[in-house]
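S.K.: Input: one structure, supplied below.
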Amino acid sequence: MWIGALVLTVLLRSGGADPWWNNAVYYSVLVDSFKDMDGDGLGDLNGLTKQLSYVRALGADGVILSSVSSKSMDCDQPGIMDFTNIDERYGNLDDFKGLVEKAKKLELKLVITLTMQTISSSSELFNLSAERKTGFEDKVIWRDGSLDESPNEDGINWVWRESRQAYYGSLRKEAVLNLCSESLLAMLSDAQCTWLKRGVSGILLHPDFPLDHECGVQLVQNMTVAAMSCSRTANLEVPVILVETALGAEVSAKYYVEVGLGANSVISYDLASPAKRPAASLALALHASLLYPPQDMTPTWLTSRRNESRIVTRYGSGMVDAIILIAFALPGATIIQQGDDLGAADTILEWAETSKCWPNPAVPSAAPFPWDDTPTAGFTSGDPWLPLAPNYRYANAKSEYAIDLSHIGVLKVASAIRKSPAIGPHVEIKRLGDALAVLRWGGSGSLLVVSNLSQGKTEVLLSKIPGLPSEMTVAASSGGSSSSIGSHVNLEKNLKLSPGETLLLVGPPRHCGGPGPVDKIASKLSEGWQKINKYFGSI
């Protein structure tokens, strides 16, 4: 039964060739957990280089690297030590050059994460700021006061620094950088340019500033200008500037390009919420993310947030294909978080046996990538820095890659189809009872993803969507679906879907049955202009 529908039609293209990032498929890599080549149990740049072909085989256009900047070796004072030096635990500059060369051969774009919110309290930058050295005084957030009277500002901790006789802002034991500081902006712009000259095609920024959001907005705009200037001066390709933010769609829209300034895209968490949303709630969230950006701008959809639970742990294995297929049907770029391509689960940290200080914090979602079902999952020849995911024996690349109906198989099909002419410039998002439907039309064909987001079985009548053909073909389906690939679905009959069951349907172009309101209005306007021209011609 058709309970209701929320419909949004968005014109995505306004003429001219789209930049590569508009509809890119990114694969987000946590270098620590992707592949270890030196046997120390921690992933490294050489391991990523060796296995980069896997990412390309998934159909990805780009790779988003976690930060590889040098980090503190002291876990009591964690954080970035230097923005441009590479952490020796990941490798060196020659290793990074090898990664860039491999990516170019595979026609993969590299996007680097530039950490900019905090820095280690043992770093040179922090110490110079604590000493009030010229040019460094305000790079870190400081508040004057006495040891007995600490500041009271929400969302931030304050730590007394005896040498400066002041408090510095702290988050997760790291010193908070002052994103309002012009001298810090100059330093970050130089670091950004250094990475661009090393061969990356874009920068991922985290500009949320807990004390003044507008400073983060100004920083993104200035960083974008600096990136464009750097690319022109060094004769580089135009870089993509991505922003990841914890703010909602309305506020985060300020980060977008306005009059040539700002981010090319802002990452949306709509598909990565901690709890599974019902169809109506998700449809509303997706609409908001599409409506708030400036005209011709679209969000980048994320399957899982880094350092937070993967799809399997959040929603269960039955929803892995659903999230991937919905993400690929939406307009804009998509980021597949490492592990979501396999349906890999989070690890159990209680199994961890080491107390060694690693570059990044130990979180369940950072479980090493399972390449096979061997004791160390093909990730390392040593002891992995974190325990493997509980389901790695079957949720691994070797077991899934050759199986068409696996999570990898579904992802590869969806990735290929989104690059086909069948993907039109228009999108409609509808709620059909307990199911969510995403329709792409206006191209050489029609593409429809329908997903049951409820806990029980549901039935949908797809013919309620105007203009669709009476029959469409299943191009991909979620694991356990009763609809096989290549089978035909009669849209005039109720489609039965089990919980989480998702279908990707393709068919001929949408046809709305004759001239629509726009055509009729245009015809009347044309008639009116003919009469006016005739009148003036007789004067």
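The values are calculated or read from the model by the stated rules, or taken from the named source; none is laboratory data. Please read all numbers here as calculations on a predicted model, not as lab measurements. Note that we place each Cβ from the backbone using ideal geometry, even for glycine, and neighbour counts take in every protein chain shown. For the accessible areas, the whole protein counts, side chains as well, though only heavy atoms, and no ligand, DNA or RNA atoms are used. Shrake-Rupley method; radii C 1.70, N 1.55, O 1.52, S 1.80 Å.
S.K.: Just flag the trypsin sites (Lys or Arg not before Pro) in the range 62-132 sitting in loop per DSSP whose Cβ has no more than 13 other Cβ atoms within 10 Å. Can you show the working numbers first?
M.R.: Working: sites: Lys71, Arg89, Lys97, Lys102, Lys104, Lys105, Lys109, Arg132; in loops: Arg89, Arg132.
Sparse-neighbourhood loop trypsin sites (Lys or Arg not before Pro): Arg132.
S.K.: Follow-up. So between Val238 and Leu291, what do we pick up on full extension, going 0.36 nm a residue minus the alpha carbon distance? Intermediate values should be presented prior to the final figure.
M.R.: Working: separation 53, 0.36 × 53 = 19.08 nm, distance 2.60 nm.
Once the chain is fully extended between Val238 and Leu291, it gains 16.5 nm.
S.K.: May I ask you to order 147-153, 325-331, 80-86 by the average number of other C-beta atoms within 10 Å around their residues, highest value first? List each step's numbers first, then the result.
M.R.: On the way: 147-153: 10.6, 325-331: 26.0, 80-86: 18.9.
Descending mean neighbour count gives 325-331, 80-86, 147-153.
S.K.: Right, next: Would you work out what percent of the accessible area of the chain, with all protein chains in place, is carbon or sulfur (probe 1.4 Å)?
M.R.: Details: 12170 of 23080 Å².
C and S fraction of accessible area: 53 percent.
S.K.: Using a 1.4 Å probe, how large is the accessible area of Ile485, given in Å² and rounded to the nearest 10?
M.R.: That residue has around 80 Å² of solvent-accessible surface.
S.K.: Using the heavy atoms of the protein chains alone and a 1.4 angstrom probe, what is the accessible area of the range 349-506 per residue in square angstrom?
M.R.: On the way: 6540 Å² over 158 residues.
That works out to 41 Å² per residue.
S.K.: Calculate how steeply helix 517-537 sits against the longest principal axis of the alpha-carbon atoms of the chain, using the helix alpha-carbon long axis, and give the answer as 0 to 90 degrees to the nearest 10.
M.R.: Rounded to the nearest ten degrees, it is 80.
S.K.: Report for the chain the percent antiparallel among DSSP-assigned beta bridges with both residues inside it, nearest 5.
M.R.: Details: 46 of 73 bridges.
Rounded to the nearest five, the antiparallel share is 65 percent.
S.K.: Sequence gap at least 6, Cα distance under 8 Å: using those rules, report the relative contact order of the range 41-155 to the nearest whole percent.
M.R.: 28
S.K.: Moving to a separate point now. Give me the angle, in degrees from 0 to 90, between the Cα long axis of helix 407-417 and the longest principal axis of the Cα atoms of the chain, rounded to the nearest 10.
M.R.: Computed tilt is about 60 degrees.
S.K.: With axes computed from alpha carbons, what is the tilt in degrees of helix 279-291 against the longest principal axis of the chain, rounded to the nearest 10 within 0 to 90?
M.R.: Long axis of 279-291 versus the principal axis of the chain: about 80 degrees.
S.K.: Right, something else. Where in the range 185-259 are there trypsin sites (Lys or Arg not before Pro) that are in a DSSP coil and have at most 16 other Cβ atoms within 10 angstrom of their Cβ?
M.R.: On the way: sites: Lys197, Arg198, Arg232, Lys254; in loops: Arg198.
Those that pass, being in a loop and sparsely packed, are Arg198.
S.K.: Relative to the compact-globule scaling 2.2 N^0.38 Å, provide the ratio for the alpha-carbon radius of gyration of the range 40-116.
M.R.: Values: Rg = 13.3 Å, N = 77, 2.2 N^0.38 = 11.5 Å.
Compared with the compact-globule rule of thumb, the range 40-116 sits at 1.16.
S.K.: Ordering His511, His287, His213 by how much accessible area each has at a 1.4 Å probe, largest first, what is the list?
M.R.: Numbers: His511 130, His287 20, His213 40 Å².
Putting His511, His287, His213 in descending order of accessible area: His511, His213, His287.
S.K.: May I ask you to rank Trp351, Trp195 by accessible area, largest first, using a 1.4 Å probe over the protein chains only? Working shown, then result.
M.R.: Working: Trp351 130, Trp195 5 Å².
Result, largest first: Trp351, Trp195.
S.K.: When the C-alpha atoms of the range 177-221 are aligned to their principal axes, what extent does each axis show, in angstrom, from largest down?
M.R.: Sorted largest first, the three principal extents are 34, 19, 16 Å.
S.K.: Report, in deg cm²/dmol and to the nearest 500, the calculated mean residue ellipticity at 222 nm for the chain, where each DSSP H run with n ≥ 4 adds -39500 (n - 2.57) and the sum is divided by the residue count. Show your work: numbers first, answer last.
M.R.: Numbers: 14 runs with 142 residues, N = 539.
About -8000 deg cm²/dmol.
S.K.: For Cα pairs less than 8 Å apart in space and 6+ apart in sequence, what is the mean separation divided by the residue count of the chain, i.e. the relative contact order in percent? Present the calculation step by step, with values, prior to reporting the outcome.
M.R.: Values: 1186 pairs, mean separation 77.2, N = 539.
Answer for the chain is 14 percent.
S.K.: Can you give the net charge of the other residues whose Cβ lies under 13 Å from the Cβ of Gln455, counting K and R as +1 and D and E as -1? Before the final figure, lay out the partial values.
M.R.: Details: positive: Lys276, Arg277, Lys457; negative: Asp434, Glu501.
With Lys, Arg at +1 and Asp, Glu at -1, the neighbours total +1.
S.K.: For the charge dipole of the chain, defined by +1 on Lys and Arg C-beta atoms and -1 on Asp and Glu C-beta atoms about the Cα centroid, which residue among Val200, Asn307, Met116 has the Cα displaced farthest towards the positive pole?
M.R.: Farthest towards the positive pole: Val200.
S.K.: To continue, here is another question. Measuring with a 1.4 Å probe in the full set of protein chains, what accessible area per residue, in whole Å², belongs to the range 171-282? Numbers along the way, then the final one.
M.R.: Working: 4370 Å² over 112 residues.
Accessible surface, normalised per residue, equals 39 Å².
S.K.: Determine the gain in length on full extension of the stretch Leu284-Asn490; use 0.36 nm per residue of separation and subtract their C-alpha separation, reporting nm with one decimal. Walk me through the intermediate numbers first.
M.R.: Values: separation 206, 0.36 × 206 = 74.16 nm, distance 2.79 nm.
In short, 71.4 nm is gained.
S.K.: Among Ser317, Ala17, Asn127, flag the residue with its Cα farthest along the positive direction of the charge dipole of the chain, charges on Cβ as +1 for Lys/Arg and -1 for Asp/Glu.
M.R.: Sorting the options by dipole projection puts first Ala17.
S.K.: About the Cα centre, and with charges only on the beta carbon of Lys, Arg (+1) and Asp, Glu (-1), how big is the dipole of the range 206-335? Nearest 20 debye, please. Could you put the intermediate results ahead of the total?
M.R.: On the way: 8 positive and 11 negative charges, 84 e Å.
That gives a dipole near 400 debye.
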